[in-house]
Every structure is written in C-alpha cells, then in structure tokens.
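Read the structure below first, then the notes.
The values are calculated or read from the model by the stated rules, or taken from the named source; none is laboratory data. It should be emphasised that the depicted structure is a prediction, and the values quoted were computed from it without experimental measurement. Here the Cβ is made from the backbone with ideal geometry for all residues, glycine too, and neighbour counts use every protein chain on show. These area figures cover heavy atoms from the full protein model, side chains too; ligands, DNA and RNA do not enter into them. Shrake-Rupley method; radii C 1.70, N 1.55, O 1.52, S 1.80 Å.
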Amino acid sequence: MALLFLLSAIVGIGMFVRNILKIRRNILIGKEEYRSDFPSRRWKLMFRIAIGQGKMMVRPVAGFLHIIVYVGFIIINIELVEIFIDGIFGTHRYIGHVFPPSLYNFITGTLDILSFLVMVSVTLFFIRRNITKVPRLNSKDLLGWPRMDGNLILIIEFLMMTALLSMNAADLTLQKIGINSPVGYFPVSDLIFGNIFSSFSEGSLLFIERSAWWFHYIGVLFFMNYLYFSKHLHILFAFPNTYYANLHKKGQLNNLESVTKEVKLMMDPNADPYAAAPENKVPEKFGASDVADLSRIQLLNAYTCTECGRCTSNCPANITGKKLSPRKIMMKVRDRIEEVGKNIDKNGSFVDDGKQLLGDYITEEELWACTSCNACVESCPVLINPLSIIVDLRRYLVLEKSAAPQELNMMMTNIENNSAPWQFSQSDRANWTKE
Ligand code: SF4
Ligand code: SF4
C-alpha cells in the first residue's frame, strides 16, 4: 500500500509540476514588464487582497461563503501532512500520537467543523449557480465548459468533504468498539454519520474508513491536476497576480515605450534616425494584436481570472447592451494563449496558424464599446486589469491599421491639423470674443 501511495503521489505531483511549468512557459511568451518596484507595498497588497480576501466582502453573501471555502481549503489541507505520514509509514493518525491530546483534539475538531461549513457553502454556491441563477453566473459568457467547470469544482469539493467526514465518523465508531486506538475529536462527523455507522459491522466500517481516506487523498491529487483546465487556477495565481498588480492610479494609462522613443527621436534635432543605435530600432509592432504582444502580467491576469463576472456586471458598456464583456476578454486571452502553447508543444516553436487574438477571439466591436471607465478594474477581486488589454489592442488598430471608428479618426485629424478636437482652424479660436 505504501508503494501504491508513493507511486500515485509521484505521478500526481509530477503531472502538476509539468502543468505549472507549461503555464509558466506560456506566460513567458509575453513581453517583459517591470513590476518589482516597491516590494513592501506589493507584499502588503498581496496579504490584504489574496490572503485577507480584502475585496470579497463587497458582495457580503458570496464574500462570506467564499471566505469559508478559502479558509477551509487552506486549513483542511493541513490534514494532508498527516495523510502523507500515514500513507508512507503505514501508521494511523500519527500526529495524534505525537501531539498532546488536547492540541490534537483541537486541530481535528476545528477541521471537522470547517469541513462541514465548506460542505454547506459549496451547496449554497451550487444553488446560487443552478437554482436561483444569479445573472452574472448564468450569462452567455459561461456557456459550455466554463459553466460545467464551475459546477464540477463544487461537486468535487462537496464529495471530498463528505469523504473526510465519513472517514472521521467510521474511525470514531471503530475507536468506540475498541478496534482503533482513541485519538482525535470529531463532533460534526459523529453527529451526521455516528448513528448510521453504529449499526455497521467492523468490516464495513474499516472499508468505509479506508476507502474514504484513499478517496480524499486521490481527490487532492486529482484536484491539483484539474486546476490546469479550470478557472480555479486562481487559488494559486491570485498570489503572484496581486503582488505584481498595477500600483499606479487606475486612470493613468502607460505610454507605449516604442511611441515615446519615436517621438523623442523626431523632436531631437541632433538625432540621426539612420544610426544603428539600439534605441533607433524600428519596433516590430505598435500595440498588440496577439498574445505575444501583451505583457507577461497581462497573460498572468488571464490565467488568474476566476470568471466571477464582477467586472462584466459593473461594465457600463455591457449593462447598456453592448457586445463587450471584460470577463470574456480575459477568458479569450487565456483561450488564445492555451492555443499558442499547444502549437508550441506540437511544433517545438510557434508556427503561424493564421489566427490572432484580435479578430479571431476579440472583435473590434467589443473593443470600441469600452468607455475606459475602469469599473472592471475596480471591481475585480484579484486585481486583474482587462482595460489594459483592450487599450493595447485598440492601439494596434489605430497605430498599425488606422482602423479607428470614423468619429475618432475625425477627432485625431482635427487634433493634428487644428490642435483641438473640433473642426475649426486655429486662427478662428478667439472669434467668440469678438461679439
Ligand atoms: S473600462 Fe471598459 S471594459 Fe472596463 S468596465 Fe469600463 S467600459 Fe467596461
Ligand atoms: S477579471 Fe476579475 S472581476 Fe472579471 S471575471 Fe475575472 S476575476 Fe472576476
């Protein structure tokens, strides 16, 4: 059994590491962006938002339930330490025989109660998604796999908690009849399953206890590997994502470095535009049309998106019936980066597949519906910035394709010719003073 345990751990953890490395490779396809300044501010932000769930209580019911599941998830996994020791050495609740009974009872009692609270929370989440049908969790953005993913993860968590509670209750019943040595405190398991299990034979109890133990263990390994295909990747990526978040004011757009260089070159009378200096190198592209043109932070954002839809439910463009959904922008970026990653896996390096993010995944209509209001950025619980991606794609349309909407083109021509957005010549500017 120890061999089987170790083998499954090696396979499960090995696959998990491989998946994480694949995501890392995909993120590194993006452009470098310096976000390592102000480390102490960044650590604080990460503690407040990712660990402290600082933005979750804006919607109190969902926020409270999420905090229970999150705390439960972290604390219940402490149990894994014991599972690993028992699995490798064939012991039974090893830590219970090492720790003082009062401390071990406190730990197991807390885990038992938390497991039950997680079960209740995921049940309520399931009801919100499927019965009361909260609109942001039932929009067409989530048709197909995303909706199934949301439900699957709730079912997996429910089953894992059920396994944990039934394992505890079977163990406790075995302890009561003197088969297992008395260790641990399991108030909720006893309350739920105690009476039912009391009539079971010793063999049935041992079977339930062992199979629930294995189910929980294999469930954890399965869950780790399922993350790669799921929006639940955020339970890991929320930490780096909040650490590397934008610290500038939300309304402050970055200047394109390539454009800044071009302008400086134009304004410097001594500059030789033909000199072979690296700063004179013609940029490959202005703005972004595919994932490789986005920054690594933007790609990390896409992998971190929880698909919660808070951004879309606050987006004025979406609320007024436009095609734009910032959640969908993030989901599409992740779809495309995954497609590019598979292309690299297959061919060794990226081979042009005739597709790109702009046009094949995100339409111009969506991009131009954005008002740049930042409501999506403000409402995101893990500090994702869909607007920055929209702006970079629009920059490409304007600077590379001259494909801005007619109104914008007129305004830009006016600025160029008249130094103002209106169609009046500069010499007429003071006309209003004459009367
Ligand atoms: S910035 Fe754009 S995408 Fe974000 S909420 Fe405002 S309109 Fe919607
Ligand atoms: S971008 Fe943020 S708010 Fe929008 S769906 Fe993703 S996690 Fe939720």
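Annotations
- Residue within the stretch 122-145 that is among the small types (Gly, Ala, Ser), part of a helix (DSSP H, G or I) and surrounded by 16 or more Cβ atoms within 10 Å (Cβ to Cβ) present: no
- Check on Ser102, modelled with pLDDT of 90 or more, in a helix (DSSP H, G or I) and open to solvent by 70 Å² or more (accessible area, probe 1.4 Å): yes
- Scan of the stretch 174-215 for residues that are open to solvent by 50 Å² or more (accessible area, probe 1.4 Å) and in contact (Cβ under 8 Å) with a residue 40 or more places away in the chain, ordered by number: Ser181, Tyr185, Ile192, Phe215
- Residue among Phe47, Phe64 that alone is within 20 Å of the chain's Cα centre (by Cα), under 20 Å from Tyr303 (Cα atoms) and free of Cβ contacts under 8 Å to residues at least 40 places away in the same chain: Phe47
- Filtered by the rule that a residue be open to solvent by 50 Å² or more (accessible area, probe 1.4 Å) and over 30 Å from Asn318 (Cα atoms), the stretch 333-352 gives Lys342, Asp345, Lys346, Asn347, Gly348, Ser349, Phe350, Val351, Asp352.
- Only one of the numbered conditions (1) within 10 Å of ligand 1 (Cβ to nearest atom); (2) assigned to a loop (DSSP other than H, G, I, E, B); (3) not β-branched (Val, Ile, Thr) is violated by Phe286, and that is (1).
- Looking only at residues in the stretch 309-332 that are surrounded by fewer than 24 Cβ atoms within 10 Å (Cβ to Cβ) and of a type in the set (A, V, I, L, M), the one that is farthest from ligand 1 (Cβ to nearest atom) is Met331.
- Of all residues in the stretch 180-188, at least one satisfies being assigned to a helix (DSSP H, G or I), farther than 20 Å from Phe84 by Cβ and assigned by TED's automatic domain parsing to the domain that holds His92.
- The residues on offer are Ser425, Ser379, and the sole one that is under 26 Å from the mean Cα position of the chain (by Cα), of a type outside the set (A, V, I, L, M) and open to solvent by less than 70 Å² (accessible area, probe 1.4 Å) is Ser379.
- Enumeration of residues in the stretch 203-257 that are more than 24 Å from the chain's Cα centre (by Cα), more than 19 Å from Leu7 (Cα to Cα) and of a type in the set (Ser, Thr, Tyr): Ser204
- Unique match (being over 25 Å from Tyr228 (Cα atoms), modelled with pLDDT of 90 or more and open to solvent by 40 Å² or more (accessible area, probe 1.4 Å)) among Arg25, Arg41, Arg59: Arg41
- Failed criterion for Ala276 (all others in (1) modelled with pLDDT under 95; (2) away from ligand 2 (no atom under 16 Å from the Cβ); (3) closer than 30 Å to Lys231 by Cα hold): (3)
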